[in-house]
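K.L.:
This structure is in structure tokens; I'll ask about it shortly.
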Amino acid sequence: MSRVHVIWNPKILMIIFLLSLTAFALFFILGNKSYKATWVKEDVEEDKHSSLPNNNKQVDELLGGLLKEGLDEKSCRSRYESAWYHKGLKRQPSSHLISTLRSYEALHKRCGPYTESYNKTVGYLNSGEYNSSSNNITDCKYAVWTPQEGLGNRIMSLVSTFLYALLTKRVLLVDSRVHISDLFCEPFPESSWLVPSDFPLIDELWQFRKESSMSYGNLMRNHFMLSSNNGSWMIPYVYIHLVDNYNDEDKPFFCDDDQTVVQEIPWQILKSDEYFVPSFFLIPSFQQELDRLFPEKDTVFHLLGRYLIHPANTVWRAITRYYNAYLAGAHEKIGIQIRIFNKEPNPFVHYMDQIFTCVFKENVLPQISWTLKSLSGNSTNSTKAVLVTSLSSEYYKALKNMFDEHPTITGEIIQVYQPSHEGYQQYGNEIHDMKAWAEMYLLSLTDKMVTSSKSTFGYVAQSLGGMKPWILYRPEDYNAPNPACQRALSMEPCFHAPPGFDCNTNNPIDTGKVVPFVRHCEDMQWTWGLKLYGKQGEQAFDNSIYSSSGPRLVFE
């Protein structure tokens, strides 16, 4: 039998090799849906309660009426499943908040993208003029949120903008180009909150700055007439700049007279990196409605965040897998969130000293025996899981090594975990933000928290979980501060850059002393920033004095 000899052309071999390589790459990408991140897995179909913790207990999935029943559970598993992981709401929503949310949902459905009212109102942007006496006028007005800074800042400003929408009966729309759908579920039934891709100002949203000609501050500085003398026409949109570098002309946005003006403009483009909610409580025309919505003032983010911000399915899958694998079996879960802002080359040593001092002195974690390797016969068979979140792995390693090498004096077993350590903050990176969101949410599921001062990452976690954390003061002069930390009096975030003037006189005032429930922030050493406090916080301030040596609050 003769044999057939095949002579391979090198070009044919190269083509076969490239086709094989391409096929392998496609197989890897399409076959392995988790290629986006090593620990973020694609959601899979499964029985709703198959992996839920404590599935024998009664759980209020609707959070006291905060959530509307009947939404598609498969499209957003976290909306109803989160109640099985959280410890429940710290405070129940008021009946007025519940009815206001239902009214808002109806408004959003009627005025959302591509509805008749939306299309008419978009027409004002195309024409460049809004005629309030026109027969074609709609009663739909919009607040368009645009992102700024890291994910913690974005979430805080998003919740703030939503409250503003509730107070002013505007429809909240969010910039759709910031992979927001990879992070959060659509929150409103039967309508989208995403700005459509054909929105007339879509290419300008990221370009707006405080210097922009259509910013409210610049319009006021240039004495621009926002409407005609008889109020029949006005500009169709205005840009509201509430980033921490805003000008004095931007800050009157938090004044009654200015609110009267801007409320007539159908489109507001709003950008902020701040939790600007506390200043709403200083606007007289908002106060009555806010009192009805939030009888307990320190619940704003806790309730609105649990209503509005639900992890998308891919992120939720990562959260629940990690929780079930490492945290669910612990008798107590402690979160330690570390964010280093200082620029010194090696902050690890004094920060680590500060963390040890805080967690032991405040009994967040049990003391250890430095001399014994084990305390045989003294074990309680109780475990505590410590969840460390930090851009660095040094702190996790130090805590883990300490508890691995030394027993606790109580006999409790301490297990330390860290989901990721990215090294540095990567603004706008999709996978980085997905990991950050998952870790914020995991922190919110712990029983106790230690957070870094002025960290928006920590603010989001504590507020979602309804916790008052121990706040680590910032080290000064390369030394751990004394005291190392302080227990927060409120679970609310801090507004770092509030306006500080009287709207009537335009004179500087201390806005932390206007009403008892809006005070300065603990993590800004009680001298700046604004924060909402509940009855306990108000009483603590009433019973406090300021030390003569500095602005630190002293309790008698």
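The values are calculated or read from the model by the stated rules, or taken from the named source; none is laboratory data. Every value quoted in this text rests on a predicted model; they were computed, and no experiment measured them. So basically every Cβ, Gly included, is an ideal-geometry build from the backbone, and we count neighbours across all protein chains shown. For accessibility, only protein heavy atoms count, side chains too; no ligands or nucleic acids. Shrake-Rupley method; radii C 1.70, N 1.55, O 1.52, S 1.80 Å.
K.L.:
What does the accessible area of residue 220 come to, in Å² to the nearest 10, when a probe of 1.4 Å is used?
P.N.:
Per-residue accessible area (residue 220): approximately 60 Å².
K.L.:
Still on this model: Kindly write out, for the range 176-187 in residue order, the coupling ³J(HN,Hα) from the Karplus curve 6.51 cos²θ - 1.76 cosθ + 1.60 (θ = phi - 60°), rounded to whole Hz, with x marking Gly and Pro.
P.N.:
For the range 176-187, the Karplus-derived couplings read 7, 9, 10, 6, 5, 6, 7, 9, 10, 6, 5, x Hz, x marking Gly and Pro.
K.L.:
Here is a follow-up. What pairs from 87/271; 361/468; 141/271; 90/468 go past 22 Å between their alpha carbons? Display every interim value, and only then the final one.
P.N.:
Values: 87/271 33 Å; 361/468 17 Å; 141/271 17 Å; 90/468 11 Å.
87/271, as the Cα separations exceed 22 Å there.
K.L.:
Something else about it: Among 144-153, 406-415, what's the highest-first ranking by average C-beta atoms within 10 angstrom per residue?
P.N.:
Per-residue Cβ counts within 10 Å, averaged per peptide and sorted highest first, yield 144-153, 406-415.
K.L.:
For residue 335, which sequence-distant residues (separation of 5 or more, or a different chain) have an amide H within less than 5 Å of its own amide H, given hydrogens modelled in the peptide plane?
P.N.:
Hits under the 5 Å cutoff: 387, 447, 448, 449, 450.
K.L.:
Shape call for the range 175-308 from the C-alpha gyration tensor, a ≥ b ≥ c root eigenvalues: rounded (a/c under 1.5), prolate (a/b greater than b/c) or oblate? Show your work: numbers first, answer last.
P.N.:
Numbers: a/c = 1.68, a/b = 1.14, b/c = 1.47.
Here the range 175-308 falls in the oblate category.
K.L.:
Using R₀ = 25 Å, calculate the FRET efficiency as 1/(1 + (r/R₀)^6) where r is the Cβ-Cβ separation of residue 383 and residue 361; round to 0.05.
P.N.:
Working: r = 22 Å, r/R0 = 0.89.
The formula returns an efficiency of 0.65 here.
K.L.:
What list of ³J(HN,Hα) couplings, whole Hz, do you get for the range 67-78 from phi and the Karplus terms 6.51, -1.76, 1.60, once you set θ to phi - 60° and write x for glycine and proline?
P.N.:
3J(HN,Hα) across the range 67-78, in whole Hz: 9, 8, 7, x, 6, 4, 6, 5, 6, 8, 5, 6.
K.L.:
State in Å² the accessible area per residue of the range 147-243; use a 1.4 Å probe, count heavy atoms of protein chains only, and round to the nearest integer. Mind dumping the intermediate values first?
P.N.:
Numbers: 3530 Å² over 97 residues.
So the range 147-243 comes to 36 Å² accessible per residue, rounded to a whole number.
K.L.:
Can you run phi through the Karplus equation (6.51, -1.76, 1.60; θ = phi - 60°) for the range 207-219 and list ³J(HN,Hα) in whole Hz, with x for Gly and Pro?
P.N.:
Couplings: 8, 5, 9, 5, 7, 4, 5, 9, 6, 4, x, 5, 4 Hz.
K.L.:
Could you order peptides 461-471, 512-522, 64-74 by the average number of other Cβ atoms within 10 Å of their residues, highest first?
P.N.:
On the way: 461-471: 24.5, 512-522: 19.6, 64-74: 13.7.
Output ranking for 461-471, 512-522, 64-74: 461-471, 512-522, 64-74.
K.L.:
Taking a ≥ b ≥ c as the square roots of the eigenvalues of the Cα gyration tensor of the range 91-202, is the shape rounded (a/c under 1.5), prolate (a/b larger than b/c) or oblate? Mind showing how you got there, number by number?
P.N.:
Working: a/c = 1.92, a/b = 1.25, b/c = 1.54.
Judged from the Cα gyration tensor, the range 91-202 comes out oblate (a/c at least 1.5, b/c at or above a/b).
K.L.:
By its C-alpha gyration tensor, with a ≥ b ≥ c as the square roots of the eigenvalues, how is the range 138-177 shaped: rounded for a/c under 1.5, else prolate for a/b larger than b/c, else oblate? Before the final figure, lay out the partial values.
P.N.:
Numbers: a/c = 4.23, a/b = 1.78, b/c = 2.38.
It comes out oblate by the Cα gyration axes.
K.L.:
Shifting gears a bit: If we sort 390-399, 193-202, 448-457 on the protection proxy, mean other Cβ atoms within 10 Å, highest first, what's the order? Please list the in-between numbers first.
P.N.:
Numbers: 390-399: 18.5, 193-202: 16.3, 448-457: 23.1.
Those peptides, ordered most packed to least, come out 448-457, 390-399, 193-202.
K.L.:
Sticking with this structure for a sec: Residue 382's amide H: which non-local residues (gap 5+, or another chain) put their own amide H closer than 5 Å, with H modeled 1.01 Å from N in plane and none for Pro or chain starts?
P.N.:
The list, which skips near neighbours in sequence, is 413.
K.L.:
List every residue whose amide H lies under 5 Å from the amide H of residue 501, counting only residues 5 or more places away in sequence or on a different chain, with H placed 1.01 Å from N in the peptide plane.
P.N.:
Residues meeting the criterion, in which the H sits 1.01 Å from N, are 509.
K.L.:
Only Lys, Arg, Asp and Glu count, each charged at its Cβ (+1, +1, -1, -1), so figure out the dipole size of the range 243-364 about its Cα centre, rounded to 20 debye. It would help to have the intermediate numbers written out before the result.
P.N.:
On the way: 11 positive and 18 negative charges, 213 e Å.
That gives the range 243-364 a dipole magnitude of about 1020 debye.
K.L.:
Measure off, as a whole percent, the carbon and sulfur share of the 1.4 Å-probe accessible area of the range 137-283, all protein chains present. Present the calculation step by step, with values, prior to reporting the outcome.
P.N.:
Numbers: 2290 of 4820 Å².
So the carbon and sulfur contribution to the accessible surface is 48 percent.
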